[in-house]
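The values are calculated or read from the model by the stated rules, or taken from the named source; none is laboratory data. Bear in mind that the values here come from a model prediction, so they are computed numbers and not experimental data. A quick note on method: Cβ atoms are made from the backbone with ideal geometry, for glycine too, and the neighbour counts reach across all protein chains shown. For the accessible areas, the whole protein counts, side chains as well, though only heavy atoms, and no ligand, DNA or RNA atoms are used. Shrake-Rupley method; radii C 1.70, N 1.55, O 1.52, S 1.80 Å.
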Amino acid sequence: MPGRRIPIFVFLLTLGWLLASPAGRSFAFDSRKADSLYRSLSRPQADTQRIKLLLALSHTYESDSPARSFYYASEALFLSERNGWQKGISVAALRIAIVYIDVWELNEAIRHLHSSISAARKEGNEHTERSCWQYLVHCYDHIGKHQEAFDCQEQLLNMVLKTGDTVAICRQMSAYATTMYDNGRKQEGIHWLKKDIALAGAHLHGASRNDISAELLNTLAIVYLKEEQPDSALSTLRAALPLAAAISDTPNMAYLLSTLSFAHSASGTDDSAVHYSRKTIALGERLNDLPLLKNHHSQLSQLYERHGDAARALYHYKMADSLAAGIAASEKTLEQSMQISRVAIEQQRAQRKQERLDLEAVNANQRKALFVAAGVLIALSVIAALVFRNLRNRERSHKIISAQAESLKRQNKVIDTALQEKEVLLQEMHHRVKNNLQLINGLLELQITKLADKKSAEPLLLAQQRIYSMAMVHTRLYHSSGDASVAVHEFVTDLFHSLNSAFNKSETDIRFTDQVSVTHLPLNMLVPLGLIINELITNSFKHAFPNHGTGTISIVLRKEPDSLVFIYTDTGKGMETNLPDESAETLGLYLIRRLTRQLGGQMVYSSENGSTFTFTFPYEGDPDSHSRR
């Protein structure tokens, strides 16, 4: 109000409060320390030491010049990021955030605090990380993001619990409980406060116990007042008073007395409220706490007005009004100072941004020139090295190729010799097997001629023919010049004619047809298959064409995917029934079954229009392409 006179007492209190406020920090600036740090910074330093000096300068200028503090912290952050030093990054980002908090740029402060936390975690610096979480609580609360503030409080509590520091734990639990209460979880907040008070009483001792317990009880009393429970608040405060008195803690006592005054006022005991408000004002004057003084002068004005003491009510009203004017003036001064600092910091940011762009442009040009020079030098070096290497490699390659050619000739000669020896051995083996089988055949022939009874000679004749079919395979292998397979069509044809000569004495007119699309088969498959064909043709000659009848024997052998199909058919009379059980079968049929199983195949018999045997054998190879071995 124009023309208002502010008492000298209020003027002095306002001046003291300004000295303690951010706007009055310039009086505490240590110019000697700043000069010493600046001189050290001007000398050549390692990057790590330079970062430390920049951070110290930022801290020194924090109260005097936020813009300078911001500049030095930004320089430290730039150097730390360039060197990848996480500790420097975390501390520099925190210093920048503090400057932003001082000028009330809270969103920028939050961004830098999160960057500081990330770097601090990488470095394992829990102290810096805890400081960041504490500042984040302050920032989120002031921009109205209470849930985020509560999450930060919870993170802080978890970190403090790990330290085992009971004092720190109690203080953080109090802040956590208060934030919980303010976010609407009132009963939980009160529960946590009581739990915190019990923890302090059980685990703290001496002055720490009295100090922390008094603070916590005062906080709980304030909560009771918000819940409109003045009696509970008074009971709690009475327990806190002797604890605060025992340690002569003036601020703690002032706030306890303040809460007591409001609690008595709420409970209707105005005399006690007046008493404690006066004591609070006395301590507030010693502390230069203008908001506390204003609140209690206003409180006394209302109490005296309620009791009809107009003179005292007016006096305290004027005091409260004067203090409010002083606080408003200091806040205006502070806002102006903050605005100036914001402009200066914005200029610093723009300047730093331009400096970095200029530096990046210079570095880019230098790198480009360096890369071009290095590229030319490397290209010339590479060309010279390639020419020299090419000449040396040619000489070396010529020697290596000559040596390899000689070695290859020797190896091929050894391989050819070994292959020839193998072919000779294989031919010798097949020749000996063939001779042995023919010898056995000759012995059987002698035995057959000694037998006068043809029926007695018949088993020997059958055995002789079976041996002959195996001998045919080895004979063809012996004449195959090292081939590991036998031509199937010629083998089947020769086998039929041999059996026709042996068993068709009556010269029955039996025609033979074949559809053999498989040209070659290996030895391990052709020998069992030849014995099966031998048994089937023999059976047809003996039983299928009685009374010198005519007929046809046909053989089909073809390759199908993953199998070999063999179909044998004669147009004789066929069997009267299906194939007999294994227990009642003849030796020939027994051999056919056994050999089919040996090859892993299956046999199906049909007596329609004679006899038809269908065999299916597993076979994955290509029967038409067997290489020489």
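Cα centroid separation, segment 115-159 to segment 212-245: 29 Å.
Label positions at A325 and D270, each projected 7 Å from the Cα along the C-beta direction, are separated by 2.8 nm. For A246 and H205, the difference between the fully extended length at 0.36 nm per residue and the C-alpha to C-alpha distance is 13.5 nm. The residue among A244, Y255, L290 whose Cα reaches farthest toward the positive pole of the charge dipole of segment 193-341, with charges on the beta-carbon of Lys, Arg, Asp and Glu, is A244. Here the label points at R396 and L587, each 7 Å from Cα along the C-beta direction, are separated by 7.4 nm in the simple model.
Note that segment 268-332 presents 51 Å² accessible area per residue, ligands and nucleic acids not counted, probe 1.4 Å. For the listed residue pairs K52/K332; K122/K195; K194/K279, the alpha carbons are over 31 angstrom apart in K52/K332; K122/K195. Computed extension length for H142-H191: 15.1 nm, one decimal, from 0.36 nm per residue of separation with the Cα-Cα distance subtracted. When each of the peptides 73-86, 301-314 is scored by the mean number of other C-beta atoms lying within 10 Å of its residues, the order from highest to lowest reads 73-86, 301-314. Residue pairs exceeding 18 angstrom between C-alpha atoms, taken from K162/K186; K226/K318; K294/K318; K542/K573: K162/K186; K226/K318. Taken about its Cα centre, segment 49-201 carries a charge dipole of roughly 340 debye when the Cβ of each Lys and Arg holds +1 and the Cβ of each Asp and Glu holds -1. A Förster distance of 51 Å, applied to the separation of the beta-carbon atoms of D514 and K413, puts the FRET efficiency at 0.70.
Can you give me the distance in nm between label points at K368 and Q49, each placed 7 Å from the Cα along the Cα-to-Cβ direction? Result: 3.7 nm between the two label points.
Compared with the alpha-carbon gap, the fully stretched path from S381 to E406 is longer by 5.3 nm at 0.36 nm per residue. For segment 367-404, applying the loop criterion from DSSP together with a ceiling of 12 other beta carbons within 10 Å to the trypsin sites (Lys or Arg not before Pro) yields no site.
How would you classify segment 230-330 from its alpha-carbon gyration tensor, with a ≥ b ≥ c the square roots of the eigenvalues: rounded for a/c under 1.5, else prolate if a/b is greater than b/c, otherwise oblate? Oblate, because a/c is 1.5 or more while a/b does not exceed b/c. Calculated on the alpha-carbon coordinates, the convex hull of segment 49-115 measures out at 61 cubic angstrom per residue.
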